[in-house]
Amino acid sequence: MVVSTYRPYFAPFAGFFQKVMLSDVLVLLDSVQFPRGTTWLNRNRFKNDQGTYWMTVPVWKKGLGLQKINEVRIYREGTWAVKHLASLKSAYANAPFFEEHEPFFEGLFSDIPELLVDMNLAVFTHIMDFLEIQTKVVLLSELGITSREPDLSRTICGELGADCFLAQASAAKYLPGELFDGQGIELKFFRARPIVYPQLWGQFIGNLSVLDPIFTCGPGARRVLENALPELR
């Protein structure tokens, strides 16, 4: 059984879902620390007639000290949600498959969840369902594991009975192989490959939210991701 982990990012890029497709179980690290600086947990990149634009979900951080991801609350005041929906509609109104996703985002931005993790999970689930990815998803908070790396990944694998852990290639120097070997767990590394697909608005821009190929390619977005699946090492 292949297990992987990821933080519950906001509308993640294609590589996130490629890794999920190569896993039997994905553990979303909802109970680890929320970063102090900028993070993909509450923002991602999209494309409009001006090029790349950011969609950022404002959250409460000032004066709250260290927070776990699943404790972070969304700042629900102001007009940012109305603006985000308008920007999305303006950018993707001509995308062949945007219309079928429009009701979901209208609902999301009109009834904003209190917690960031709930918004991210709603978008994540919508994407998983559309791409028909059957990987089992587990929240770290459900497992009751409080370890930190490098023990965190090893403990997760032990709890779930994994025989393979699929890690990001960038994490290789932080995950000593002997820790996993001692439990009979094979350690493999994932490095996302770029995907190429028809885009709106001129010159191709890579590493956008996976919603970009979903809006433009529809059901074909899954094939786009599958065609760029990397070989594991």
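Could you run through region 197-218 and say how many residues are assigned to a loop (DSSP other than H, G, I, E, B) and within 19 Å of the chain's Cα centre (by Cα)?
Going through region 197-218 one residue at a time, the tally reaches 6.
Might you let me know whether region 40-56 holds any residue that is of a type in the set (D, E, K, R) and in contact with a strand residue (DSSP E or B) (Cβ under 6 Å, 6 or more places away or on another chain)?
Checked region 40-56: at least one residue is of a type in the set (D, E, K, R) and in contact with a strand residue (DSSP E or B) (Cβ under 6 Å, 6 or more places away or on another chain).
Looking only at region 202-225, filter to residues that are in contact with a strand residue (DSSP E or B) (Cβ under 8 Å, 6 or more places away or on another chain) and not charged (D, E, K, R); which one of those is farthest from Ala11 (Cα to Cα)?
Ile205
Going by the structure shown, is Asp181 out of contact with any Ser or Thr (no Cβ under 9 Å at 6 or more places or on another chain), at pLDDT below 95 and of a type in the set (Asp, Glu)?
Working: out of contact with any Ser or Thr (no Cβ under 9 Å at 6 or more places or on another chain): yes; at pLDDT below 95: yes; of a type in the set (Asp, Glu): yes.
Criteria met by Asp181.
Every residue, every condition in (1) over 20 Å from the mean Cα position of the chain (by Cα); (2) of a type in the set (S, T, N, Q); (3) under 22 Å from Tyr53 (Cα atoms), yes or no:
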site	(1), (2), (3)
Ile74	no, no, yes
Pro96	yes, no, yes
His101	no, no, yes
Phe109	no, no, yes
Ala122	no, no, yes
Thr125	no, yes, no
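Select from region 36-88 the residues that are exposed (fewer than 11 other Cβ atoms within 10 Å of the Cβ) and either farther than 22 Å from Ala122 by Cβ or free of Cβ contacts under 8 Å to residues at least 12 places away in the same chain (or both) and list them in ascending order.
Arg36, Gly37, Thr38, Asp49, Gln50, Trp54, Lys62, Gly63, Gly65, Leu66, Glu77, Thr79, listed by residue number.
Kindly check whether there is at least one residue in region 89-96 that is in contact (Cβ under 8 Å) with a residue 60 or more places away in the chain, aromatic (Phe, Trp, Tyr) and under 27 Å from Gly218 (Cα atoms).
yes
Check whether at least one residue in region 128-137 is within 21 Å of Met21 (Cα to Cα) and among the basic types (Lys, Arg), and report yes or no.
Within region 128-137 (the criterion being within 21 Å of Met21 (Cα to Cα) and among the basic types (Lys, Arg)), the answer is yes, since at least one residue qualifies.
Here are Phe124, Phe105: which of them is free of Cβ contacts under 8 Å to residues at least 24 places away in the same chain and closer than 23 Å to Asp30 by Cα?
Of Phe124, Phe105, the one residue that is free of Cβ contacts under 8 Å to residues at least 24 places away in the same chain and closer than 23 Å to Asp30 by Cα is Phe105.
Please pick out the residue among Phe46, Phe17 that is part of a strand (DSSP E or B), closer than 28 Å to Leu229 by Cα and touching a Leu at 6+ places or on another chain (Cβ under 8 Å).
Phe46
Got at least one residue in region 51-58 being farther than 30 Å from Tyr197 by Cβ and either in contact with a helix residue (DSSP H, G or I) (Cβ under 9 Å, 6 or more places away or on another chain) or at pLDDT 95 or above (or both)?
yes
Residues to consider are Val210, Val196; find the one that is of a type in the set (A, V, I, L, M, F, W, C), buried (at least 19 other Cβ atoms within 10 Å of the Cβ) and out of contact with any Ser or Thr (no Cβ under 6 Å at 6 or more places or on another chain).
Only one candidate qualifies: Val210.
Return a yes/no flag: does region 129-136 have any residue that is under 16 Å from the mean Cα position of the chain (by Cα), surrounded by 13 or more Cβ atoms within 10 Å (Cβ to Cβ), assigned to a helix (DSSP H, G or I) and at pLDDT 95 or above.
yes
The values are calculated or read from the model by the stated rules, or taken from the named source; none is laboratory data. On a predicted model such as this, the values are computed, not experimentally measured, just so you know. For neighbour counting, all protein chains shown are included, and Cβ atoms are generated from backbone atoms with ideal geometry for every residue, glycine included.
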